[in-house]
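The structure under discussion appears below in the form of structure tokens.
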Amino acid sequence: MVPSKSRRLHRRKRRRRAAWSQRKSQRRRLKEPEGDKKKKDKKKKKGEKDKDEDKKKKGPSKATVKAMQEALAKMKEEEERAKKEEEERQRRLEELEKERQEKERLEQERKEKKKQKEKERKERLKKEGKLLTKAQKEARARAEATLMLLQAQGVDVPSRDKEVQKKKPVYGDKRRKKPTTQTPEGTALLLAPAERQPVAMETEAEAPPAEPGKKVKPEAAVDNWEAIASDEEKGESLAENMKNIDLETLRAPVVCVLGHVDTGKTKILDKLRHTHVQDGEAGGITQQIGATNVPKETIEEQTKMAKNFNKESIKIPGMLIIDTPGHESFSNLRNRGSSLCDIAILVVDIMHGLEPQTLESINLLKEKKCPFIVALNKIDRLYDWKKSPETDVVATLKKQKKNTKDEFDERAKAIIVEFAQQGLNAALFYENKDPRTFVSLVPTSAHSGDGMGNLIALLVELTQTMLARRLAHCDELRAQVMEVKALPGMGTTIDVILINGRLREGETIIVPGVEGPIVTQIRGLLLPPPLKELRVKNQYEKHKEVSTAQGVKILGKDLEKTLAGLPLLVAHKDDEIPVLRDELVRELKQTLSSIKLEEKGVYVQASTLGSLEALLEFLRTSKVPYAGINIGPVHKKDVMKASTMLEHDPQYAVILAFDVKVERESQEMADSLGVRIFSAEIIYHLFDAFTKYREDYKKAKQDEFRHVAVFPVKLRVLPQFIFNSRDPIVMGVTVEAGVLKQGTPLCVPSKAFVDIGVVTSIEINHKPVDSAKKGQEICIKIEPIPGESPKMYGRHFEATDIIVSKITRASIDALKNWFRDEMQKSDWQLIMELKKTFEII
């Protein structure tokens, strides 16, 4: 029986359902082992973790422990090896040091032997009479030069008769054969004055003419012999003076005080003199050289507390102490002070150590080979310092608390190290066993007075023992001009430091001057009272004669143009004047090279030449030209000279008046003419006022010429950034060279120099700026020049055209004069390029 359709369908569904359930159960059976596997894996991992933890708890394995022990053994071996190497290196270094010391000792012995041999040689030559002094050598050289000159002129120098030959050998003989004996005075080479005239007459009669038709003038020969005579007399007088050296009679030593600004140089002298010079100085700053004569009584009074110092052993009659400025501008005055002194005091602030001007002073002293001692000043600034000026400073140091002593030791050691860096050995004076090789440091306080007695005692001790020969009294004149000052009622005076010899009223002196040596007579010799400064206005004492060593003020005629820092010479006879003048001329050339006046520049006025030099040095370093200089108060004639600059360059119509009085009439005249007078007592205030005036003047001129000055620029158009092509042109450009500023007129050289317009706006990244430099990409707005038709991008110029700023001769001059600081080297090179493009001469 065929099943019905519905039955068939029903069976089919049943079979399908059975097959589906069968497949489902199979899939389930397949999935179950994977799940078990995962569970097993999880359990395994957990077990491994537990094992690791157990292992960790148990500690490292035997293999690890063994490896660690081996590593430790190796490290120990390395350490022992390094230790042995270090010991070996130290041993080698010690051996090298011993070798070096041995070499030094041998070198020292060799030098000592050499010195001894040289000494013996000199002694032998001295006994034989062959050792010449420097002056005698110079006289000999001059005499030989004169003979050669005479022979060149064709003058035949005849031989002397036998009597003359017996007395002194002739020049001709000297050249052929060396004389066996020579007098100690070194006059064997020189002619006696009585023998000169016959020679001149013989020369006149017998000398053949050098060339046909030309006669040798006998007067020339006589002049030459006279020159030799004056040199001979000079050499003889020098030898005579050297004979008169008395080692028992010592002159006062010249002591110079050097150091950095504000270390207490003047204050130390004030404490010594019981004066208040430093309080009276403008701003408490030393700006001139000062000289003080300290008598023997004051030295005895000041050194009474110093231990191991006997008052009765003082041989020197006193001291002449020179105080110098410490500011960097006054290097000329420090140099001048140090060149005079026998011994120097270098003042060092214990709180600051060696400072710039201290180092400069050390170099000056090294250069001049001048012995010095160091005053470690301001010990009262040490924390918890207890002052005791009536006792020795060593005892005062012992009384201090432990922390104060420790601070002093620390700072003193630091300063000793700084001296070592400068190549100098230094030690505290009470620990210094060898003052010849170690610089002595004396702790002082100018404020409380601690250590002042020890400083003076050490100075006296060193000058009497080590400088006795230098301080021995000698009649040979040695004096130097220190300052040139204009004083009311006295005219121009000169401050002179007299080191050797004597000066008398009425003597003829030769002093160096700006226009050459000045020959004048001493009208007055003024000395300040003892313990008073030469530079401070005092009731001066008038003297007829002054002897060494003193700071003396000389009155005389024509001293206005005297130059400081050079020697003063005295002519005892009229025929000495030309020789002494020539001597000064040589020294003058070097000094005058520093004072070079310009055609355009400021007018400088100062109270003294030293201050003037310091001011000129500042102007030179600041690149400020000076056209005129003067010493003394500002008069109407000075204002007239300064007013000439109004025609040439008005910015230099200025008078810089340093530490001088400006007369009321002069000020009124300056105001009416338009001349600015800057007056100040402190050099730095004058600098600041003038610098501010220059800046203000420059700023005013920059504002005035801002529209005239056109900065050079070269632009390339960015064609993808043309925002507006006409009136105004707004486009992107690249600055290829130069600098672009607002207000710069632009043109296109390749299109017959067509003027595009003026830049009125510059933007970088949508931000407005005043200027753009090389390499920047910017957007600019160009507006047409008033009165001209607007130009269009695409018609009047293309993207390929280079745009440049339109420069003129007036704009270049404005840049040179007032905008030089804003220009770079590349900008000037572009200016040169554009000058050729625009054909500007």
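The table for this structure:
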{"item": "Filter result for Lys623 (within 22 Å of the chain's Cα centre (by Cα) and either surrounded by fewer than 23 Cβ atoms within 10 Å (Cβ to Cβ) or modelled with pLDDT of 85 or more (or both))", "result": "yes"}
{"item": "Residue check, Thr492 in contact (Cβ under 8 Å) with a residue 60 or more places away in the chain, touching a strand residue (DSSP E or B) at 6+ places or on another chain (Cβ under 6 Å) and surrounded by fewer than 22 Cβ atoms within 10 Å (Cβ to Cβ)", "result": "yes"}
{"item": "Odd one out for Gln357 among (1) open to solvent by less than 30 Å² (accessible area, probe 1.4 Å); (2) modelled with pLDDT under 55; (3) part of a helix (DSSP H, G or I)", "result": "(2)"}
{"item": "Matching residues in the stretch 724-769 - criterion: being part of a loop (DSSP other than H, G, I, E, B) and farther than 24 Å from Thr808 by Cα", "result": "Ser725, Asp727, Pro728, Asn765, His766"}
{"item": "Condition check for Glu681: at pLDDT below 90 and open to solvent by 70 Å² or more (accessible area, probe 1.4 Å)", "result": "yes"}
{"item": "Residue ranges of helices (runs of 4 or more DSSP H) in the stretch 262-308 with at least 1 members modelled with pLDDT of 70 or more", "result": "265-273, 296-302"}
{"item": "Close pairs from the stretch 813-834: first closer than 21 Å to Glu704 by Cβ and of a type in the set (S, T, N, Q), partner assigned to a helix (DSSP H, G or I) and open to solvent by 30 Å² or more (accessible area, probe 1.4 Å), Cβ under 9 Å, at least 6 apart", "result": "Asn817/Lys701; Asn817/Phe705"}
{"item": "Output for the stretch 799-824, where each listed residue is crowded, with 18+ Cβ neighbours inside 10 Å and part of a helix (DSSP H, G or I)", "result": "Ser811, Ile812, Ala814, Leu815, Trp818"}
{"item": "Selection within the stretch 360-386 - open to solvent by 20 Å² or more (accessible area, probe 1.4 Å), touching a Lys or Arg at 6+ places or on another chain (Cβ under 8 Å) and in contact (Cβ under 8 Å) with a residue 60 or more places away in the chain", "result": "Asp380"}
{"item": "Odd one out for His648, checked against (1) touching a Lys or Arg at 6+ places or on another chain (Cβ under 6 Å); (2) open to solvent by less than 40 Å² (accessible area, probe 1.4 Å)", "result": "(2)"}
{"item": "Filtered residues of the stretch 770-798 (kept if open to solvent by less than 50 Å² (accessible area, probe 1.4 Å) and within 57 Å of the chain's Cα centre (by Cα))", "result": "Ser771, Ala772, Ile778, Cys779, Ile780, Ile782, Pro784, Ile785"}
{"item": "Residue satisfying all of: in the stretch 690-720; open to solvent by less than 40 Å² (accessible area, probe 1.4 Å) and within 29 Å of the chain's Cα centre (by Cα); modelled with the highest pLDDT among these", "result": "Tyr693"}
{"item": "Criterion: touching a His at 6+ places or on another chain (Cβ under 7 Å), buried (at least 21 other Cβ atoms within 10 Å of the Cβ), assigned to a strand (DSSP E or B) and at pLDDT 85 or above - qualifying residue of Leu569, Leu525, Leu503", "result": "Leu525"}
{"item": "Hits in the stretch 459-497 - residues which are over 30 Å from Leu441 (Cβ atoms), within 31 Å of the chain's Cα centre (by Cα) and not in a strand (DSSP E or B)", "result": "none"}
{"item": "Some residue of the stretch 321-337 being modelled with pLDDT of 80 or more and surrounded by fewer than 24 Cβ atoms within 10 Å (Cβ to Cβ)", "result": "no"}
{"item": "Residue pairs meeting the criteria (Cβ under 9 Å; at least 6 apart or on separate chains; first under 15 Å from Gly353 (Cβ atoms) and open to solvent by 60 Å² or more (accessible area, probe 1.4 Å), in the stretch 421-439; second in a loop (DSSP other than H, G, I, E, B) and at pLDDT below 90)", "result": "Gln421/Leu354"}
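So that you can scan it fast, the table gives a plain yes or no per residue for (1) among the aliphatic types (A, V, I, L, M); (2) within 17 Å of Val257 (Cβ to Cβ); (3) within 32 Å of the chain's Cα centre (by Cα):
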{"site": "Leu376", "(1), (2), (3)": "yes, yes, yes"}
{"site": "Asp384", "(1), (2), (3)": "no, no, no"}
{"site": "Thr391", "(1), (2), (3)": "no, no, no"}
{"site": "Lys405", "(1), (2), (3)": "no, no, no"}
{"site": "Leu424", "(1), (2), (3)": "yes, no, yes"}
{"site": "His447", "(1), (2), (3)": "no, yes, yes"}
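The values are calculated or read from the model by the stated rules, or taken from the named source; none is laboratory data. In this text, all values refer to a predicted model and were calculated from it rather than measured experimentally. FYI the Cβ positions are ideal-geometry reconstructions off the backbone, even for glycines, and counts take in every protein chain you see. The protein model used for the area step is the full one, side chains on, heavy atoms only, and it has no ligands, DNA or RNA in it. Shrake-Rupley method; radii C 1.70, N 1.55, O 1.52, S 1.80 Å.
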